[in-house]
Amino acid sequence: MRPNFTDASQVAKYELPPDEYEKKTDSVLAWKKAQKLGRFDPAAPSLEQARLQAFETEIKNKGIEVGKRCRVGGQDTKRGVVMYIGEVEEIPGGAGKWIGVKLDEPVGRNDGSLAGGKRYWGKDGDPKSGVFVRPERVEVGDWPVIDDLDDMEEI
């Protein structure tokens, strides 16, 4: 049987180990190091700092402010009021600003407080109508409260 040399998926590929690539002097990586570009630029902000700054910019550009009406997730099913803007330490890996929204309907995940007991808005015993979301999921506007019975015809 003759081997099929036209099928490239059957050929074992060689991958240069990362530590050998870093030792090479004629690579793109060596050029970036010499030019101090990308992650090698000491003046460049870290990826985490850039991500945190993006949250700030998004909040400012969208006009998200406490007390404004909004909808969450681009759906018309979840509307509410912005109640909190800021850091939420209780969310693991959640550095950066979060938007706390009190939804019109009790379809949220919390009542304005989180597991640590810290209350961001509301009072104990409120229905679970609160969510914490990132700024990209919030759309501020003149969104009235949805009336489920509005579209029903009279019987």
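Computed values, structure above
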| item | result |
| --- | --- |
| Residue 18 over 21 Å from residue 131 (Cα atoms), loosely packed, with under 14 Cβ neighbours inside 10 Å and over 30 Å from the mean Cα position of the chain (by Cα) | yes |
| Any chance residue 49 is of a type outside the set (Gly, Ala, Ser), at pLDDT below 90 and in a helix (DSSP H, G or I) | yes |
| Residue under evaluation residue 120, criteria (1) more than 30 Å from residue 145 (Cα to Cα); (2) surrounded by 13 or more Cβ atoms within 10 Å (Cβ to Cβ); (3) among the hydroxyl-bearing types (Ser, Thr, Tyr), criterion not met | (1) |
| When residues of the range 54-92 are limited to those that are touching a Cys at 6+ places or on another chain (Cβ under 8 Å) and part of a strand (DSSP E or B), the one surrounded by the most Cβ atoms within 10 Å (Cβ to Cβ) | 80 |
| Residue that is charged (D, E, K, R), under 30 Å from residue 39 (Cβ atoms), over 13 Å from the mean Cα position of the chain (by Cα) and modelled with pLDDT of 90 or more, where the choices are 62, 68 | 62 |
| Residue tally, condition touching a residue at least 60 places away in the same chain (Cβ under 8 Å) and farther than 12 Å from residue 69 by Cα, over the range 109-145 | 5 |
| Cβ-Cβ under 8 Å pairs, at least 6 apart or on other chains, the range 91-108 side basic (Lys, Arg), far side part of a loop (DSSP other than H, G, I, E, B) | 102/108; 102/112; 102/121; 102/122; 102/129 |
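The rows are residues; the columns are (1) modelled with pLDDT under 85; (2) under 28 Å from residue 54 (Cα atoms); (3) more than 17 Å from the chain's Cα centre (by Cα).
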{"position": "95", "(1), (2), (3)": "yes, yes, no"}
{"position": "101", "(1), (2), (3)": "no, yes, no"}
{"position": "115", "(1), (2), (3)": "yes, yes, yes"}
{"position": "132", "(1), (2), (3)": "no, yes, no"}
{"position": "147", "(1), (2), (3)": "yes, no, yes"}
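The values are calculated or read from the model by the stated rules, or taken from the named source; none is laboratory data. Every value quoted in this text rests on a predicted model; they were computed, and no experiment measured them. Here Cβ is always computed from backbone atoms with ideal geometry, including for glycine, and neighbour counts include all displayed protein chains.
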